[in-house]
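Colleague: Input: one structure, supplied below.
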């Protein structure tokens with residue numbers, strides 16, 4: 001196969017076909033891909049299907065569309081098509097379960113994001129990241145810097161680069177679950193800021209059924225205007241939506257306020273417009289919106305700085321995030 005991005009698209013197409021009970025066409029596949037964070041058109045999908053047909057992984061059923069073949073199922077299961085990337089929600093669940101941050105003691109493990117930045121861009125990058133933090137569009141003002149050659153989780157800081165570690169908003173889910181409140185992450189999206197206030201989401205990607213973190217997808221697309229929002233109060237920043245049972249609303253809000261006192265400041269208390277407040281329409285849950293911990297990193301893309309972002313990367317002792325931007 002070709003590059004990693006193409007490989008991932010091929011994997012997702014195979015997954016879509018595997019999940020379908022009948023043959024489906026390029027239009028339906030394109031719609032499903034868009035929901036999973038791959039907004040590509042029918043024409044491109046048809047190109048990929050021809051490639052999959054050629055490899056014997058799919059077959060065309062008249063005018064009904066394609067189905068996955070036995071060879072395709074084997075390919076999907078053994079992850080030979082590209083580097084197998086599991087559903088991001090599975091990784092999130094694992095890290096959330098392992099989060100051990102204690103609100104009272106203010107110690108334990110939290111979930112982190114990691115970015116690697118060219119040393120030549122470090123000064124400008126940190127200034128931009130600090131500007132984002134000062135505006136409040138992040139989870140915590142505390143970070144950690146990594147030297148070249150350092151390794152955190154699966155992320156290695158290349159020589160000639162530095163690493164920036166920020167707290168991930170999924171830490172909030174770990175706190176809620178630690179206190180017996182089931183938290184379910186739903187969407188990552190672009191949140192519009194007007195007059196320095198969050199208004200509504202302009203774009204959302206579901207965490208369910210996707211192999212990449214939606215926040216990382218939006219970051220890579222370079223569709224944010226975080227620095228503009230920080231400077232003028234108008235722009236688009238990264239945020240995510242989770243739900244908790246309505247019966248636990250009071251306790252959840254109490255915990256989120258305690259988290260703010262402990263330096264985890266990403267919870268958006270301001271009610272959003274009804275158009276976005278109805279994202280999760282179930283009557284027995286409430287929505288909790290949080291700024292993304294990757295916002296300081298995504299801001300660097302806006303300056304044209306070469307940066308690689310690894311969101312929801314690993315666990316880290318909160319005491320190691322000992323530098324304030």
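The numbers here are math on the coordinates, done by the rules we state, and not lab data. Everything quoted here is computed from the prediction, not taken from an experiment. Backbone-built Cβ (ideal geometry, glycine too); neighbour counts: all protein chains shown.
Colleague: Is it possible to state the helix-based mean residue ellipticity at 222 nm for the chain, with each DSSP H run of 4+ residues giving -39500 (n - 2.57), the sum divided by total residues, to the nearest 500 deg cm²/dmol? What is it?
Modeller: -11000 deg cm²/dmol
Colleague: Separation of region 282-325 and region 183-250 by C-alpha centroid, Å?
Modeller: Distance between centres, Cα-based: 11 Å.
Colleague: I want to verify a result. In a Gaussian network model of the chain, Cα cutoff 10 Å, which of these has the top mean-square fluctuation: 208, 35, 273?
Modeller: 273
Colleague: To continue, here is another question. Between 219, 90, 116, which gets the highest mean-square fluctuation from a Gaussian network model of the chain, Cα cutoff 10 Å?
Modeller: 90
Colleague: For 34, 169, 135, what's the fewest-to-most ordering of other Cβ within 10 Å of each Cβ?
Modeller: 34, 135, 169
Colleague: Now for a different question. Over region 198-325, what relative contact order in percent results from Cα pairs under 8 Å that are six or more residues apart?
Modeller: Contact order relative to length: 32 percent.
Colleague: Quick check: Cα centre of region 105-151 to Cα centre of region 6-26, how many Å?
Modeller: 37
Colleague: Quick one: compute the contact order of region 4-78, relative version, from alpha carbon pairs under 8 angstrom and 6+ residues apart, as a percent.
Modeller: Here the relative contact order equals 33 percent.
Colleague: Comparing 311, 100, 283, which has the greatest mean-square fluctuation in the GNM of the chain with Cα pairs linked when under 10 Å apart?
Modeller: 283
Colleague: Let me ask something else about it. Assign one of three labels to region 4-78, namely rounded, prolate or oblate, based on the Cα gyration tensor with a ≥ b ≥ c the square roots of its eigenvalues; rounded applies when a/c is under 1.5, prolate when it is not and a/b is larger than b/c, and oblate otherwise.
Modeller: It comes out rounded by the Cα gyration axes.
Colleague: Can you pull the Kirkwood radius for region 15-144, inverse mean 1/r over Cα pairs, to one decimal in Å?
Modeller: Averaging 1/r across every pair of different Cα atoms and inverting gives 18.9 Å.
Colleague: Taking only Cα atoms, what is the 0 to 90° angle, nearest 10, from helix 122-134's long axis to the longest principal axis of the chain?
Modeller: Helix 122-134 sits roughly 70 degrees off the main axis of the chain.
Colleague: Okay, next question. Report the per residue volume, in Å³, of the convex hull enclosing the C-alpha atoms of region 112-264.
Modeller: It comes to 133 Å³ per residue, whole-number rounded.
Colleague: Where does helix 4-19 land angle-wise versus the long Cα axis of the chain, in degrees 0 to 90, nearest 10?
Modeller: 70
Colleague: Relative to the longest principal Cα axis of the chain, at what angle does helix 26-35 sit, 0 to 90 degrees, rounded to 10?
Modeller: Roughly 10 degrees, rounded to the nearest 10.
Colleague: Viscosity 1.002 mPa s, temperature 20 °C: Stokes-Einstein D of the chain from its Kirkwood Cα radius, in µm² per second?
Modeller: So the translational diffusion coefficient is about 104 µm²/s.
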